[in-house]
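Values in this text are rule-based calculations from the coordinates and carry no lab data. Just so you know, these numbers come straight off a predicted model, no measurement behind them. Cβ placement follows ideal geometry from the backbone for every residue including glycine, while neighbour counts extend to all protein chains displayed.
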Amino acid sequence: MAAAFLIGRGAYIVPEQKDSNKTYYIIIAFLVIALLVAFAVYSSRDNERAVDSLGSEIEQAERNQQAITDRITGAEKRADSIEAGISRSQAAIGSAESAANRIEGYLTEAGNLIGECKEIIGNIRKDSSEKSTE
């Protein structure tokens, strides 16, 4: 059955759509929906790959961070050990300086004693030569 519309002075008759046209449009709609679903599935797999890749990169970054932290800890321990060694060396240098000062004092005292001994020996020789000439 045809529908009639009045346009201006004349009547316009629109033929009814056939069932085959409706089926054609339904098939096209299903194809479009199927393509959209396929695209969504493909995109989600692509996103999943990106997420997996990002997860792997984050795990690698965590491992690198842990390795760096371990190296820093090791460096801090070595620095502490070196600092302790420097402190021991400074203490040993202080002891050596003190011992050197004591030895210098002993050498000065020994030089003075040797000078006194030479003077005593000189006086004894002088006294003995005076007694022998008498």
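Counted by Cβ distance under 13 Å from Ile124, the other residues give a net charge of 0, where Lys and Arg count +1 and Asp and Glu count -1.
How much length, in nm to one decimal, is gained on full extension between Ser53 and Ser132, taken as 0.36 nm per residue of separation minus their Cα-Cα distance?
This chain segment gains 17.0 nm when fully extended.
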